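Notes to accompany the following structure.
Derivation of every value follows stated rules applied to the coordinates shown; laboratory data play no part. Only a predicted model underlies this, so the values are computations on that prediction, with no experimental measurement involved. Methodologically, a virtual Cβ is constructed for each residue, glycine included, from the backbone with ideal geometry; neighbour enumeration extends over all protein chains shown.
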Amino acid sequence: MEKITGGDFASPETMRDFIVFYKRLTGQQEPLYRLDDFFGMGGAWLAFRHEDVVAILKDPRFIKDIRKIAPPQDQGEEPGQKYASVSKLRQWFKEMPNMLTVDPPDHTRLRRLASKAFTPHTIEGLRPRIQQIADELLDAVQERGRMDLIADFAYPLPITVISEMLGIPAADRDQFREWTRELLNASLDPKQEDTVSEVLDKFTEYIKTLLAEKRAHPGNDVTSGLVQAHDEGDQLSENELLSTIWLLIVAGHETTVNLIGNGIVALLQHPEQMRLLRSDPSLLPSAVEELLRYAGPVMIASRFASEDVTLHGKDIRKGEMVLVSLAGANVDPHHFSNPEALDITREENEHLAFSKGIHLCLGAPLARLEGQVAFGTLLQRLPHLRLAVAPEQLTYNRSTLRSLTDLPVLF
Ligand code: HEM
């Protein structure tokens, strides 16, 4: 059996047909797979069974904070050092921690500060506004009969929502797509160290200006709330504040863009499911869960072993990277019946698209609502929606996120 490499996790083939790749993974007969190298970050362990992925994500011995990890004794260099672009990103996060890069108690503190804005109750209150944004986006293209579903709909919808929550002016939002996309493509490319630095600098400068603006003119938005928490007490440092805003901007749109894009591709490839959803919109909540399972954007999550751990007879040493395949767990036949089928009526759907444990996606209620509104509106308003290119011609960003570059459709 051909050995799996880190590059396979970002290849267009994997993005187009994950099941083929998954069969290669499971065909190796090892529940814990050893990768020689993961994008220059050194060797890594990979788990892909649902049961193992859940166990690792809930195990406090597997941590996020790279600052606590000394390089394994016989590896002189820190993981990531070989890849200048990865190294740059890591360095930035060391200086600019946020909830996704740290462990308790820092994680608990940083997550608590941001969590009020993301409760299901608060998020449900946004439904009319999200619907209005979705309708306006389709109004703008309706007459054309064609669009790039990513640029014209899937991107502007979540970026508008998160920007309004954060109090970011509408005129600034297009930059984020460019910066996020540059980061996405450059971070796995060793030659693009300068791009990573430049984009992080631009983002940092932008958020610094935004924070100054909110200090001078506080509003009723999440950024102003966090600035106030920083200024009134000693609850988060200036760098943590900056990085939290950065995380909310990036996590708050890039993933949902791809839920909408991948979800529509999956529905177009399963016309009977698409018909069913169109005829019965009460299925939207379960359809969103199934699309997250079947075509979720975040395919991998990573942790580090904080101590030596033995798992499935393998010795994982302190400091080593442990990857979990969320996409793999989501098609594990030991957990899901008929996992290769897209079934929007699936009832038991304990997918891991939002991860598990303490880092479970904070924005999940928002992503679910945006998904419901997006799919519901597209299906109702565009009854003749279809791909403008053959599915094999769809292209993906070079990233471990399942992320389409564009999605030409006719309607
Ligand atoms: C379909 C859309 C989305 C998917 C698939 C998704 C997926 C994920 C995953 C897998 C993680 C955890 C990664 C890990 O365990 O290492 C995560 C964390 C996070 N997500 Fe999302 N996300 C989505 C949308 C959003 C949105 C709309 C927001 C809004 C701001 C958001 C904010 C966050 C934050 C703040 C974290 C860090 C939580 C923590 O560390 O405690 N996400 N997301």
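Key figures for this structure:
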read-out: Matching entry among Gly125, Gly167 (being free of Cβ contacts under 8 Å to residues at least 40 places away in the same chain and among the small types (Gly, Ala, Ser)); value: Gly125
read-out: Given (1) within 15 Å of the ligand (Cβ to nearest atom); (2) within 14 Å of Ala374 (Cβ to Cβ), index of the condition Ile168 fails; value: (2)
read-out: Residues of the range 307-354 that turn out to be assigned to a loop (DSSP other than H, G, I, E, B), crowded, with 18+ Cβ neighbours inside 10 Å and in contact with a strand residue (DSSP E or B) (Cβ under 9 Å, 6 or more places away or on another chain), as a count; value: 5
read-out: Test: Gly376 is near the ligand (Cβ under 10 Å from one of its atoms), of a type in the set (Gly, Ala, Ser), part of a helix (DSSP H, G or I) and over 22 Å from Ala44 (Cβ atoms); value: no
read-out: Matching entry among Leu360, Leu352 (being of a type in the set (A, V, I, L, M, F, W, C), free of Cβ contacts under 8 Å to residues at least 12 places away in the same chain and within 10 Å of the ligand (Cβ to nearest atom)); value: Leu360
read-out: Options Val309, Val324; residue that is β-branched (Val, Ile, Thr) and within 16 Å of the ligand (Cβ to nearest atom); value: Val324
read-out: Answer residue from the range 36-54, given it is of a type in the set (Gly, Ala, Ser) and either without any contact (Cβ under 8 Å) to a residue 24 or more places away in the chain or not in a strand (DSSP E or B) (or both) and is farthest from Asn185 (Cα to Cα) among those; value: Gly43
read-out: Test: residue in the range 245-263 that is within 30 Å of Thr223 (Cα to Cα), part of a helix (DSSP H, G or I) and away from the ligand (no atom under 15 Å from the Cβ); value: no
read-out: Among the candidates Ala266, Ala295, Ala251, Ala287, residue that is in contact (Cβ under 8 Å) with a residue 60 or more places away in the chain and within 19 Å of Leu183 (Cα to Cα); value: Ala251
read-out: Residues of the range 212-239 satisfying the condition of being closer than 19 Å to Ile168 by Cβ, of a type outside the set (Val, Ile, Thr), assigned to a helix (DSSP H, G or I) and out of contact with any Lys or Arg (no Cβ under 7 Å at 6 or more places or on another chain); value: Ala212, Glu213, Lys214, Arg215, Ala216, Gly225, Leu226, Gln228, Ala229, His230, Glu238
